[in-house]
Amino acid sequence: MGCFVVVIVFREVHKAFGENKVLQGFSLDVNDGETIAIIGYSGSGKSVALKHIVGLLEPDSGEVEVDGELVHALDAAGLRALRSKIGYVFQFAALFDSMSVADNIALGLRRQGLSEREIGHRIEESLALVDLAGSEEKFPIELSGGMRKRVGIARAIALRPQYILYDEPTTGLDPVTRAMMDELMIRVREKLGVTGIAVTHDMKSAYAIADRIAMLYHGRVRQVGTVDEIQRSHDSVVRQFIEGRPEAAADAGATQASL
Amino acid sequence: MQKVITDQVAELLAGFGRLGNFVGDMARSLRDFKVWLGLTAVQMRRIGVDSLPISLLVAAFTGVVLALLSRYIFTGAVPMYFVGTLVGKAIMMELGPVLVCLALAGRVGASIAAELGTMRVTEQVDALETLAYDIQSFLVVPRVIAATLMFPVIVAFAVTAGLLTGWLTSVTLIDLSTVDFLKGLRLFYQFKDIWFGLLKSMSFGFTIALIGCMKGLNTRGGAEGVGRATTQAVVVSAGMILVLDALWAVLLL
Ligand SMILES: Nc1ncnc2c1ncn2[C@@H]1O[C@H](COP(=O)(O)OP(=O)(O)OP(=O)(O)O)[C@@H](O)[C@H]1O
Ligand SMILES: [Mg+2]
C-alpha cells in the first residue's frame with residue numbers, strides 16, 4: 001500500500017508500575033500525515049502509551065522512536081526540541097489554574113520565541129477554532145469541564161505542531177460539541193497537515209476522525225487496521241469493544257469496566 | 001531490629017542522594033536565566049506578602065517574653081541594663097531567625113509543596129514539560145532563589161519588631177530607662193550579631209523552598225498525596241532548620 005513514511009514507532013514497549021504491568025510488548029507504527037485512533041478499555045494503558053512519545057514516561061524495555069530518534073536516549077536539549085514539535089491534549093485538560101486562558105495558550109508560544117503580536121493572533125485564532133472566542137481573560141476555574149477540554153485543544157493547536165496527541169478529546173462533551181470537535185480535528189489535520197494520535201472510547205468519533213484504528217488490549221495491540229477493517233473485524237475482543245456489549249468487560253478481564 | 005535500623009539508614013542516605021541529584025539539576029538550570037528571572041520577582045513578592053505578618057507577630061511576642069525573662073534572671077545579680085544585651089543578642093542571633101523560619105516552614109514550605117503537589121497530580125507539571133519548559137528553571141529555581149533572598153529581609157524586619165517590643169516592655173513593665181536599654185543593647189554588639197542571623201535565615205529559606213519543591217513535585221496520588229507531601233515538607237524542613245542551626249553554631253560561634 002504505497003510508500004508510507006513511518007514517523008512514530010513503538011517497538012515492544014514494556015512498562016510496569018510496581019506490580020501493575022501496563023504495557024507488555026506494545027508495538028505500533030504511525031505513518032506521516034495520518035490520524036490513528038487508539039481504543040481500549042479504561043485502565044488499559046492508552047494514556048501511558050501516549051506519555052512515552054513525549055518522554056514523560058520511559059519504557060522499562062523496548063523503545064519509542066519519533067522522527068528517527070529514540071526518545072529515551074535524548075538529552076535535555078533534544079527532548080525540548082522534540083517536545084516543541086508535539087502538541088499534547090491532556091485527558092483532563094491540565095490547564096494552568098493560576099493563569100488566564102490567554103496565558104495558558106501563550107505560555108508554549110512564548111517558549112517558541114514568537115512576537116507578542118503573533119502570540120495574540122494565535123490565541124485569538126485557536127480560541128475561535130474551538131468556539132471559545134472571547135474567553136481570553138477567563139480563568140480555568142470559571143470554565144466547565146468541556147470548555148476546559150477545548151482550551152486544552154486550543155493550547156495544543158496554537159503551537160502549530162507537527163504531531164498532535166489527543167487524550168480523549170471528546171469524552172465528557174455534549175453530542176453537538178463532540179461532533180464539532182471531531183470536525184475540528186479533521187480540519188486541523190487538513191489545514192496543518194499534522195500527524196495525529198487520538199485516544200478515545202468513542203467509536204463514533206474514532207470512525208469519523210481516524211484513518212486507522214488500533215485496539216490496545218492486555219498491554220499489546222490486539223488489532224490495527226483501517227476503519228473498514230476494524231468495523232469488519234472478526235476478532236471477538238475487538239467486536240465486543242466496538243459494539244459496546246457489556247459481557248465484553250467481564251470476558252476480557254479488563255481492570256475496570258468501561259463506563 | 002538490626003534490619004529495621006539498616007533499612008532506615010539506607011532510606012535516609014537514599015533521601016540525601018535524591019536531594020543531591022535535585023540540587024544538581026537545579027544548579028544546571030541556573031543557565032536558563034531568561035526563564036527564571038522574571039518568575040523569581042513574582043515569587044519574592046508572594047513570599048514577602050505571605051510571610052511578613054506572621055513573622056512580625058512571632059518576633060514581637062518573643063521580644064516581650066525575652067525582656068521579662070531577662071528581668072527574672074538578672075534581678076539582684078546583674079545590672080538591669082543587661083536586659084538590653086540579652087534581648088538584642090537572643091533575638092538577632094537565635095530566636096528571631098529560628099522561630100520565624102520555623103513558622104515560615106509552615107507557611108512558605110507548605111504552600112510551595114501544596115501548589116506544586118496539586119500541579120503534579122493534575123498533570124500541570126506534565127503539561128509544562130510538553131510545552132518544552134524545564135520544570136527546574138520554571139518552577140523550582142524561582143522559588144528557591146526567592147526564598148533565599150527574601151528570608152533574610154523578612155527576618156530583618158521581624159528582628160526589628162522584636163527589638164521594639166523588647167524595648168517597649170522594658171520601659172513599661174520593667175522600669176528600665178530607654179538609655180539603659182540602649183546601653184545594654186550596644187554593650188557587646190558586634191557586626192557578627194547581625195550577619196550571623198541573616199546568613200542562617202538565608203540557609204533556612206533555601207532549605208524550606210528546596211524541600212517544599214521536592215516534596216511537591218514527588219507527590220503521588222490525588223488530594224491525599226498532596227496532603228501527605230505538604231505535611232512532610234513542613235516536618236522535614238523544620239527538622240532541617242534545627243540541624244542547620246546547630247551546625248552554624250558549631251561552625252561559626
Ligand atoms: N504515574 C503512574 N503511576 C502509577 N501507576 C500509573 C501511572 N500512570 C498510570 N498508571 C496505571 O496504569 C494503568 C493504565 O493507566 P492509563 O491512564 O494509561 O489508562 P487509560 O487506558 O488511559 O484509561 P482511561 O481510558 O480511563 O483514561 C492504570 O492501572 C493506572 O493506575
Ligand atoms: Mg487515559
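For this structure, a couple of remarks:
- Based on protein heavy atoms only, chain A ends up with 45 Å² per residue of surface accessible to a 1.4 Å probe.
- Protein heavy-atom accessible area occluded, A/B pair - total, 1.4 Å probe, Å²: 1600
- Mean per-residue shielding of peptide B:119-126 is 5, counting Cβ atoms of other chains within 10 Å of each Cβ.
- Computed over chain B, the convex hull of the alpha-carbon atoms projects to a mean area of 16.8 nm².
- Cα-based shape type of the stretch A:51-190, given that a ≥ b ≥ c are square roots of the gyration tensor eigenvalues and the cut on a/c is 1.5: prolate
- Kirkwood Rh in Å, taken over the stretch A:135-220 so that all alpha-carbon pairs contribute: 13.8
- Buried on assembly, the stretch A:79-100 (at least 30 Å² less accessible surface than by itself, 1.4 Å probe): A:R80, A:R83, A:F90, A:A94, A:F96, A:D97
- Estimated purely from DSSP H runs of n ≥ 4, each contributing -39500 (n - 2.57), the mean residue ellipticity at 222 nm for chain A is -11000 deg cm²/dmol once divided by its residues.
- Sorting B:F188, B:F206 by solvent-accessible area of protein heavy atoms yields B:F188, B:F206, largest first, with a 1.4 Å probe.
- Sequence of B:T172, B:T207 from largest to smallest accessible area, 1.4 Å probe: B:T172, B:T207
- Using C-alpha pairs below 8 Å separated by at least 6 residues, the relative contact order for the stretch B:41-252 is 36 percent.
- Alpha carbon centroid spacing (whole Å) that separates the stretch A:1-44 from the stretch B:91-134: 37
- Counting DSSP beta bridges with both ends in the protein assembly as shown, the antiparallel % (nearest 5): 55
- Solvent-accessible surface of protein heavy atoms, probed at 1.4 angstrom with all chains present, puts B:F181, B:F191 in the order B:F191, B:F181, largest first.
- Inter-probe distance in nm under a simple model that places probes 7 Å from Cα toward Cβ, at B:V235 and A:T226: 6.1
- Taking the accessible area of the protein assembly as shown, probe 1.4 Å, and keeping the other protein chains in place, the carbon and sulfur fraction comes to 61%.
- Note on A:E124: accessible area approximately 120 square angstrom, rounded to 10, probe 1.4 Å, nucleic acids and ligands left out.
- Peptide A:45-55 has a mean shielding of 1, counted as Cβ atoms of other protein chains within 10 Å of each residue's Cβ.
- Residues along the stretch B:131-160 losing 50 Å² or more of accessible surface when the other protein chains are present rather than the chain by itself (probe 1.4 Å): B:L131, B:A132, B:Y133
- Cα gyration tensor shape for the protein assembly as shown, rounded if a/c is under 1.5, else prolate or oblate: prolate
- What chain B shows is 48 Å² of accessible area per residue, with the surface traced by a 1.4 Å probe over protein heavy atoms.
- Of the GluC sites (Glu not before Pro) in the stretch A:1-53, those whose Cβ has at most 12 other Cβ within 10 Å and which sit in DSSP loop: A:E19
- Using the Cβ-Cβ distance between A:H234 and A:L70 with R0 = 45 Å, the FRET efficiency computed as 1/(1 + (r/R0)^6) comes to roughly 0.80.
The values are calculated or read from the model by the stated rules, or taken from the named source; none is laboratory data. Keep in mind that this is a model prediction, so the values were computed, not measured. Positions of Cβ are backbone-derived with ideal geometry, glycine not excepted, and every protein chain shown enters the neighbour counts. Side chains are part of the model used for accessible areas, which takes the heavy atoms of the whole protein and leaves out ligands, DNA and RNA. Shrake-Rupley method; radii C 1.70, N 1.55, O 1.52, S 1.80 Å.
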